[in-house]
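Reviewing the structure listed below.
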Amino acid sequence: MDRRLIRVGAVAALILTSTGCTTLSRAVPDPLPASGYLSAGDLQALAGGFTPSPQTLTWPERPSAEGPGSNRWWLATAQAELRAPEAAQHFDCVLGTRLNEKPRPALTRLMNRLLVDSDALSRRLAEAFPRPRPIKVDPALQPCQRVNDAVRDSPSWPAGGAVAGAAYGELFGGLAPDQAQQLSGMGRAIGQSREVCRMNWPGDVADGERIGRSLYARAAATPGFAADLEAARVEVVAARAEGLTNPSCTAERWALSGR
């Protein structure tokens, strides 16, 4: 058997097992908080500042290293999980730790409140500027996750995963400033995974990244955010001191390097 096929299979198993991907292991995710950090007025003000970038609705040719069954494809499958605590693991390798080794309630609460805001803003924008998903325009495209008719028919712009990923990247940069650039890069990778998965057009991802950074800046300025950030920072510092690593890190490096 081809050695590369063996390695890709091993990478897939390692990434999906280590990240606890919802698709395989968790049928019912934890409920999200009732509210995020942003008020309806905040969300409306943010929504008014963005319109879709031009996007040709023809799927561009992608590198084979990002195609179905590739290492990057399996990483994108794992990164489809955006809810904490599972989503915190996407930042393990940059931080050199294993955040889900024990409960980190402050970090989980902070991430999930940002996710509530990201989802609310993405929905507002999608309703105002509906754009069909790649898998709707071209049914022959294979998504990297299970989709039903409701998901297939839902709007593509902006890429919600890119909005949340960029917000998370900014958040973790604030939690660990010594790795801020790399953590921001991982936030971008989470958004780019939505393109690898054929769920969003490239323009949707690029716009989503900008929207996510703006959302984080607005959320970080709300009352109570600084206290939540500090509580989460204490947990992240403690996690980094535990000396643990995520076993999927080698697989992640291969995937992001195009191997």
Between Thr56 and Ser257, what is the label-point separation in nm under the 7 Å Cα-to-beta-carbon projection? 3.3 nm
To two decimal places, what compactness ratio does the stretch 207-259 give when its Cα radius of gyration is scaled by 2.2 N^0.38 Å? 1.63
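Which GluC sites (Glu not before Pro) does the stretch 33-114 hold that lie in a coil by DSSP with at most 10 other beta carbons within 10 Å?
On the way: sites: Glu61, Glu66, Glu81, Glu86, Glu101; in loops: Glu61, Glu81.
Loop-located and lightly packed - Glu61.
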To the nearest Å², the heavy-atom accessible area per residue of the chain with 1.4 Å probe amounts to 45 Å²
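Please list the helices of the chain that count as membrane-span-like by this rule: a mean Kyte-Doolittle hydropathy of at least -1.0 together with Cα atoms stretching 20 Å or more along the helix axis, each helix being a complete DSSP H run. Walk me through the numbers before you get to the answer.
Numbers: long enough: 3-19 (24 Å, 1.06); 105-128 (35 Å, 0.01); 160-175 (22 Å, 0.91); 180-196 (24 Å, -0.46); 202-220 (27 Å, -0.48); 225-241 (24 Å, 0.72).
In the chain, the long hydrophobic H runs are 3-19, 105-128, 160-175, 180-196, 202-220, 225-241.
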Carbon-plus-sulfur fraction of the accessible area of the stretch 52-199, 1.4 Å probe, in percent? 49 percent
Determine the distance separating the Cα centre of the stretch 102-117 from the Cα centre of the stretch 210-248; give it in Å without decimals. 9 Å
Rg/Rh ratio calculated on Cα atoms of the stretch 40-115 (Kirkwood radius): 1.10
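So how strong a dipole does the chain carry about its Cα centre when Lys and Arg Cβ are +1 and Asp and Glu Cβ are -1, to the nearest 20 debye? Mind dumping the intermediate values first?
On the way: 29 positive and 26 negative charges, 91 e Å.
The dipole of the chain has a size of about 440 debye.
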Rounded to whole Å, √(5λ) for the Cα gyration tensor eigenvalues of the chain, largest first, gives 26, 25, 15
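Give me the dipole magnitude in Debye, nearest 20, for the stretch 33-184 about the Cα centre, with unit charges on the beta carbon: positive for Lys and Arg, negative for Asp and Glu. Write out the running numbers ahead of the final one.
Numbers: 15 positive and 15 negative charges, 43 e Å.
In total the dipole reaches around 200 debye.
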Of all the Cα-Cα pairs you can form in the stretch 139-220, what percent are over 20 Å apart? 34 percent
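Tally Lys and Arg at +1 and Asp and Glu at -1 over the other residues with C-beta under 11 Å from the C-beta of Pro247: what net charge comes out? Show your work: numbers first, answer last.
Numbers: positive: Arg98; negative: Asp92, Glu252.
For residues surrounding Pro247, the net value is -1.
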Tell me the Rg and the Dmax, in Å, that the Cα atoms of the stretch 113-259 produce. 16.7, 48
Can you list the residues of the stretch 88-102 with backbone N under 18 Å from a point 7 Å past the Cα of Thr245, pointing along Cα to Cβ? 89-101
Extending each Cα 7 Å along its Cβ direction at Ala231 and Asp119, get the distance between those two points in nm, one decimal. 2.0 nm
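Assuming 0.36 nm per residue, please report the length gained on full extension of the stretch Ala238 to Gln181 beyond their Cα-Cα distance. Intermediate values should be presented prior to the final figure.
Numbers: separation 57, 0.36 × 57 = 20.52 nm, distance 2.09 nm.
The span from Ala238 to Gln181 would gain 18.4 nm if fully extended.
The values are calculated or read from the model by the stated rules, or taken from the named source; none is laboratory data. Being a predicted model, the structure only gives us computed values, none of them experimental. Neighbour counts are summed over all protein chains in view; Cβ atoms, including those assigned to glycine, are modelled from backbone coordinates with ideal geometry. What goes into the accessible areas is simple: the full protein's heavy atoms, side chains included, and nothing from ligands, DNA or RNA. Shrake-Rupley method; radii C 1.70, N 1.55, O 1.52, S 1.80 Å.
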